[in-house]
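Everything on this sheet refers to the single structure shown next.
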Amino acid sequence: MAGVLARRDRALNPEETEALLREHLGEQVLGSVVEFGTFTCKLAPEGWVEAARLARDEPQLAYDLFDSLFGVDAREEGFDVVAVLYSTSTGNRLVLRTRVPGGRDAPRLASITEIYRGADWMERETYDMFGVVFDGHPGLEPRILTVENFEGWPLRKDFHLASRAAKPWPGVKEPAELDEDGNVIERVPEIGDAPGPYELDKAMAAQAKAVIEQERVEREERERKAAERAAKAAERQARKEAKARAAAEAAAAKAAAAEADADQQPASSDEEDGA
Amino acid sequence: MSDLSTREKIHPGTAPGEDIALEIVGDGDFATTDMTLSIGPAHPATHGVFRIVLELNGERITAARPVIGYMHRGFEKLAEYRDFRQIKALVNRHDWLSGFSNELGVALVVEKMLEMEVPDRAQWIRMLIAEWNRVLNHLMFVGSFALELGAITPMFYAFRERDEIQYLLEAATGGRLHFTYNQVGGLKLDLPKGFLAESVRLSKLTQERLPDYFDLVLGNEIFQARTVGVGPLPPEVALSFGVTGPTLQAAGVPEDSRVTEPYLKYDEVDVPVHLGENGDSFDRFACLLYRIQYSLHIIDQIHDHLPAGPVNTKLPKMVKAPEGAAYQRIENPLGQLGYWLESDGGRTPWRLKMRTPSFSNVQSIPYLLEGMLVPDAISVLGSVFFVVGDIDR
Amino acid sequence: MNVELTASLSPAVFVPAPSAFDLDVAFGITVAIKVAFILALFLVVPLVVGYMEHKAMGRLQHRRGPVAAGPFGTLQLVADGIKFIQKEDVIPAAADRKVFALAPGLALVPAILVFLVLPFGPGVWAVDLELGLFYALAISSVSVLGVMMGGWASANKFSLIGGLRAGAQLIAYELPLILAAIAVAVQAGTLSLVGIVEAQATFTLPGTDLNLWFVFPQILGFVIFFLASLAELSRPPFDMPIADSELVFGYMTEYTGIKFAMYLLTEYAGMVSMSALMVVLYLGGWQLLPGVGLPGCEGAGGMFDCGWLGAIGGVVITLAKILILTFIMVWARVAYPRLREDQLQRLSWLVLVPLSLINLAVIAIAKVVVF
Amino acid sequence: MAATSPPGVGLLKGLGVTIKHLFKRPSTQMYPNERPDLPPRTRGVIALLEENCTVCMLCARECPDWCIYIDSHKETVPPAKEGGRARTRNMLDRFAIDFSLCMYCGICVEVCPFDALWWSPEFEYAEYDMDKLLHEKEKLREWADTVPPPPPLDEGALPVPEVAAAIDKVVKERELEEAKAEQAARDAELAQAAPAAAPAAAAAKAEEIHVEAGQIDQETFDALIAQGKSERMARAKAKAAYVKKEKARILAEQEAAAAAAPAAPKAEEIHVEAGQIDQETFDALIAEGKSERMARAKAKAAWVKKEKARIRAEQEAAAPAAEVAPAEVAPAEAAAVEAPPAAPAAEAAPARKLSDVHVEGSGEIDQETFDALIAEGKSERIARAKAKAAWIKKRKQEQLDAEGDA
């Protein structure tokens, strides 16, 4: 342990690390941030492999422990790939982060399997989960975690969790969250109360509301149709009565001409068709 | 994925996963074909749904290809649909033998993002339970590794110990595997009365019984014949694979988060680390056994240090991690567990990456198996300690 | 040198010792009684040994072993047997059906046949063959044929490897086993198992009146024979043909129900017959202690021509010795991991075979010079 | 290591270790014959104390697996007295937990604000069919009888209010004698037998000064001191009681309403939408365009807030709380609850008064019922819960009788 600690004294701090990387990579280093004690270096995708190589081979850096590599959904801009490296000799951690070119449609990044053996499965997993293709990787297929014929990229935000879609959220049931009008109730907090619905659950509630709305619309539609049918029936009845009246009139006016009787017949058959 | 150089050597021009045409090996009348032996997904040696495809020439392994994912449950996706309290109950299931450590990792990373002060007592109790959890886990592997080598008895002894420890932890947490005892900012409840006395007693008892394992397994000549020199892992290769935990310590790398990046109160106790020399199966197992001993040593120290006080902090109604990303690493029983928590400020994580020790450790298996015999494959599979749920998540 | 034994050494003069079952009745009835005796032995003793294994393993592993079936779980194996009979008999689609069906039987029958020549007490044996030892060793190694057939016919890679390992193991360990046994035969001057027991009863340490079993001059041979028989029986730590963590269950992987039970019975019967052989060859047969005969017995070393009481006493002593030996086998199973196949071969060819040759040479020289 | 020891020693040691165990007592637990002695915190099965459930849906919403199914309907409870206001309540129709989905995380038990859900160490409910693991409220209610009292905490534990509440429960469970005495003391107070308690209360006041416990329940504290308990213990319990009271108040309110429902004359079904409700609180809120449910919730919350304020004020006054007669408290509370300006307090008071009287006595149990249930072999916990309900019912009846007489 003592040896490790002695070398720890010479460890580079984040600024020095960034300066060192900039010295070698120049414009490829887009910036850096120390967040919650973690030093993250943002890179242009072109400098990705080179940065990893530097991190491993540069004696002052010596990031020998390959911790992990994974993707992060970056909304419209596509995906980030993050690699976490650790140095057993200096005790430093370096996070390399890059935005994968190709957006959401065709994300491609160079592979660092040549540099770190552990990147092999990590890149396969990233491919499996996000669909990021790693150029130079010996074989991303078959998919490592999902089944071979799985369709879609599960960790993308536009991939929805089937179990959540298949089952209604239990909290929207009467009488808890929706009032009679289908509005989400803003609850007044009570003792021991948990906070209101989550964002997701609000969406669910909205969904449920939409279903109720849909049902209402359908019901109204049904009612409207029923009313229409009733109106039609009434109309038909009226016409029938009119017809009967006409027939009665015709019967009464037996003396009417024969052509008038022929006119009445087609009108009757038309009505049958309409019904 | 097999180690590529090996694959390239033996089956040039084939892609991983592709069915490899059988080749004639050897000359003249002794020419034989390679046999593909698929160990798993359901096989006694894989203790879980894990498959490893071996290419055999006789009983000698020419290539190995682990096939994982049979237990993939999409934890990282599920976590994105859950708040932190729910995630805590979720993560103690990916490595079901280290439930407490897993939830501890989540609690720590959320606390880190919230910059939350956790009461001292909570931290010490967390350490206590985490170390007991480590003992539990290691006992399991002591038993199972010996069982895989054909020694059935250590498993029973290990389970006897495990049962008592599980009962102890159940008294505090209510669970035997999935403790769900952590919460952001501390612990759910304080320890019940009598827990510490029982903990002291069990620690003493386990330390008394521990020499049995040394005698029965580690000192056994047959065991040594089966493990010494089997599957040696050089430190630089181990690091390149991201191998951690007892497997890395066996290779002689003094890397243990409790020492190198102390969390909780590990900087206030003495944490010894046993280092191996060759990184072979024997060293890996020895590291595991010594880790039990040292965990008990830490537990004894915790008994002496445990302060009085509260065990949790007042939480806001809704625990929301601030925007940003944080990485927390803890020493899980099987190696380094890392949680990368990226938050958009909402109640659920934007991305929770679980960097599990088993995933990285198992990656090194093809490298280790090259040129070994089938029984050595068992020895290597048993000594590169992994939990299948931890690989597949 | 024993005068009586010298006489019986010559084939022309060899008169098989009479069995208590050689009754003065019709030949057919005698044979029927002998068959019944052998079957009874075969069905009872392995069950007793099996129960002992269950129970001893349990206690050695800090648990109880069977407790539910019968008092103290004594009927566990009977219950197991009934369960096995009820199980569906599955034959893999790709299996060689005839060979697959035949294999367990072929493994089991030799295990029964060995019992023919094993003497369990004064007069308690079916046949006293002149070549009894040869017969026992030869027949018992036929079992492995059944194992190899099963391994091959299952159409399963694990079974195949298991079967091959069993074959390789047999070849490797037959040699030290036989060489160790030969040393006993040389010292006893006979191949008849009853003759060997008799020889032990009358063997004295040269120059003294101290009666000794063959285990004392041949302790090396005994250890070799014990190890080799463990390997022959695929008992841990030499259970690579089964190796449940590597080969699932070796040649038994695809077997179910009654066929699986037959393999298991073969193993237990083998344990009994090998232990009985060791008792006969090295541990003085039914002699209680070296130099201590049975009550009511006369004859050579005070071990023959007993009444019923003596016969029963003899059987009890033999069974007790068998149980002790099988307990040691169980004990080894509990305490040790298994070796690797190549280490097992190395142990045989590089250690046991040379040692057994040395043992044989030493005994042969001693036979001529000292005894 | 043994690698350096002479060959064979390792093998012999192995034999030694195993033979050593041959002569030890086996550690086997004879499970089906001997039941395992599980700790009280064991998460075996989730039990439902139906009486406590208010259909707040928190458990169902917080469940990560969505395995809790709750159905309910609204019921309008007619006013107990002429001119009182009708109230709507959520009636539980169905409460089911699908244990084939449940991951035993305990979040539902954790979030339940009314202690309706409990963990029981019961674990033998395996089924051959997965569908049968969906257990309805009747089955869940049965398990509630098996819930053990929570264990006392470690000596080093600092009682946070919720935990202290649990401790208080335990102490009560474990020391039944003490609980009885406590009850007797409180009964005495309720009966305005203050003379006996007053000196003790005065003494307690002096004690209280140097413990600076602004948050303790004075009443409990006094009672315990009067019993000769140590100051430390009394303080811890009183602290617990403070929190517990808040919860119990709400609980009792629910129970009282439940008890009231069958006794009250059946009125015609009143629909919120129909606008037939003449309750001022509701009218006021509904007039503002709020929904019926929300109006009710707000009224409830306002009441709770007021109640809290009242208790705090009471403690700050440091006057012997025991001397405050329940009869005086009740109207005060009633007034507080009905405080929303649009509500003429006089009209609403009788309806509120009833429930408030019961709230005041929420800690009490009906000893008769309790003893009877214990004699029947029920668990202490369940006997206590039932006895509590019975006590409230009794008081309610007394109140009604008294009013009837008047």
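Derivation of every value follows stated rules applied to the coordinates shown; laboratory data play no part. Everything numeric here is computed off the predicted structure, so don't read it as measured data. As a convention, Cβ positions derive from the backbone with ideal geometry for all residues, glycine included, and neighbour counts pool all protein chains shown.
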Requested in this report: Kindly provide the helix-only [θ] at 222 nm of chain B, computed as the sum of -39,500 (n - 2.57) over DSSP H runs of four or more divided by all residues, to the nearest 500 deg cm²/dmol?
Outcome: -14000 deg cm²/dmol
Query raised in the report: Taking R0 as 30 Å, what's the FRET efficiency between D:Glu368 and D:Glu124 from their Cβ-Cβ distance, rounded to 0.05?
Result: 0.35
Query - Dipole in debye (nearest 20) - region A:9-168, about Cα centre, beta carbon charges: Lys, Arg +1; Asp, Glu -1 - result: 540
**Report entry** Rounded D (µm²/s) - region C:107-245, Kirkwood Rh over Cα pairs, Stokes-Einstein at 20 °C, 1.002 mPa s
**Finding:** 130
Requested in this report: Take the Cα pairs of region B:125-194, get the Kirkwood Rh, then feed it into Stokes-Einstein at 37 °C and 0.692 mPa s and tell me D in µm²/s.
Outcome: 253
Report task. Would you please give the residues with an amide H less than 5 Å from that of A:Val133, counting only those at least 5 places away or on a separate chain, with H modeled from the backbone geometry? Result -> A:Arg108, A:Leu109
Report task. Count, for each residue of A:114-127, the Cβ atoms from other chains sitting within 10 Å of its Cβ, then give me the mean as a whole number. Result -> 5
Report task. Order the peptides B:376-384, D:20-28 from the highest to the lowest mean number of other Cβ atoms within 10 Å of their residues. Result -> B:376-384, D:20-28
Query raised in the report: Given R₀ = 25 Å, FRET efficiency for B:Asn57-C:Leu350 by Cβ-Cβ distance, to 0.05?
Result: 0.60
Query - Over 31 Å (Cα to Cα) - which of B:Lys317/D:Lys394; C:Lys83/D:Lys132; C:Lys321/D:Lys20; C:Lys83/D:Lys137 fall in this group - result: B:Lys317/D:Lys394; C:Lys83/D:Lys137
Requested in this report: Please report, largest first and rounded to whole Å, the three semi-axes of the ellipsoid equivalent to chain B, where each semi-axis is the square root of five times an eigenvalue of the C-alpha gyration tensor.
Outcome: 38, 25, 16
Requested in this report: From the C-alpha gyration tensor of region C:88-369, pull out the three semi-axes of the equivalent ellipsoid (sqrt of 5λ each), sorted largest to smallest, in whole Å.
Outcome: 36, 21, 15
Query raised in the report: How high is the FRET efficiency from D:Leu22 to C:Thr204, r the C-beta distance, R0 35 Å, rounded to 0.05?
Result: 0.45
Query raised in the report: Helix-derived [θ] at 222 nm for chain C: sum -39500 (n - 2.57) over DSSP H runs of at least 4, divide by residue count, nearest 500?
Result: -20000 deg cm²/dmol
Requested in this report: For region B:198-209, just list the computed ³J(HN,Hα) in residue order, Karplus coefficients 6.51, -1.76 and 1.60, θ = phi - 60°, integers in Hz, with x standing in for Gly and Pro.
Outcome: 5, 5, 4, 4, 5, 4, 5, 4, 5, 5, 5, 8
Report task. Enumerate the calculated ³J(HN,Hα) couplings along region C:55-72 in order (Karplus 6.51 cos²θ - 1.76 cosθ + 1.60, θ = phi - 60°), each rounded to whole Hz, writing x wherever the residue is Gly or Pro. Result -> 6, 5, 4, x, 5, 5, 9, 6, 9, 9, x, x, 9, 8, 7, x, x, 6
Requested in this report: Would you grab the residues whose amide H sits under 5 Å from the one on B:Glu323? Only those 5+ places off in sequence or on another chain, please, with H modelled 1.01 Å from N.
Outcome: B:Gly345
Report task. Bin all alpha-carbon pair distances of region D:45-144 at 5 Å intervals from 0 and give each bin's fraction as a whole percent. Result -> 2, 13, 22, 23, 15, 9, 6, 4, 3, 2, 0, 0
Report summary line: In order over region B:225-236: 3J(HN,Hα) from phi, Karplus 6.51/-1.76/1.60, θ = phi - 60°, whole Hz, x for each Gly or Pro, gives 4, 7, 10, 5, x, 8, x, x, 10, x, x, 5
Report summary line: Expected sort for C:249-259, B:278-288 on mean C-beta neighbours within 10 Å, highest first, is B:278-288, C:249-259
Report summary line: Answer in debye to the nearest 20: the dipole magnitude of region B:75-392 about its Cα centre, from +1 Lys/Arg and -1 Asp/Glu charges placed on Cβ, is 1180
Query raised in the report: When the label point is put 7 Å from the Cα of A:Asp158 along its Cα-to-beta-carbon vector, which residues of region A:92-130 have a backbone N closer than 20 Å?
Result: A:99-109, A:126-130
Report summary line: Tilt, helix C:157-188 to longest principal axis of chain C (alpha-carbon atoms), in degrees rounded to tens, equals 0
Query - For region A:2-159, convex hull volume per residue from C-alpha positions, Å³ - result: 115
Requested in this report: Rank by packing, highest mean first: peptides C:334-344, B:231-241, with packing defined as the count of other Cβ atoms within 10 Å averaged across residues.
Outcome: C:334-344, B:231-241
Report summary line: Against the 2.2 N^0.38 Å rule of thumb, the C-alpha Rg of region C:34-145 sits at a ratio of 1.33
Query raised in the report: What's the average, rounded to a whole number, of partner chain beta-carbon atoms within 10 Å of each residue's beta-carbon in B:45-58?
Result: 1
Query raised in the report: What list do you get for C:Ile91, B:Ile302 if you sort them by fewest beta carbons within 10 Å?
Result: C:Ile91, B:Ile302
Query raised in the report: Put +1 on the Cβ of every Lys and Arg and -1 on every Asp and Glu Cβ in chain B; which of B:Ile365, B:His274, B:Pro192 then has its Cα farthest towards the positive end of the dipole?
Result: B:Pro192
Report summary line: Expressed as a whole-number percentage, the relative contact order of chain C with C-alpha contacts under 8 angstrom and at least six residues apart is 23
Query raised in the report: How well do other chains shield peptide B:142-153, expressed as the mean number of their Cβ atoms within 10 Å of each residue Cβ?
Result: 6
Requested in this report: Name the long-range amide H neighbours of B:Thr36: under 5 Å, sequence gap of 5 or more, or other chain; modelled H, no Pro or chain starts.
Outcome: B:Leu56
Report summary line: Cα-only Rg/Rh for region C:72-121 with Kirkwood Rh rounds to 1.13
Requested in this report: In debye, nearest 20, what is the charge dipole magnitude of region C:88-369 about its Cα centre with +1 on Lys and Arg Cβ and -1 on Asp and Glu Cβ, if you could check?
Outcome: 460
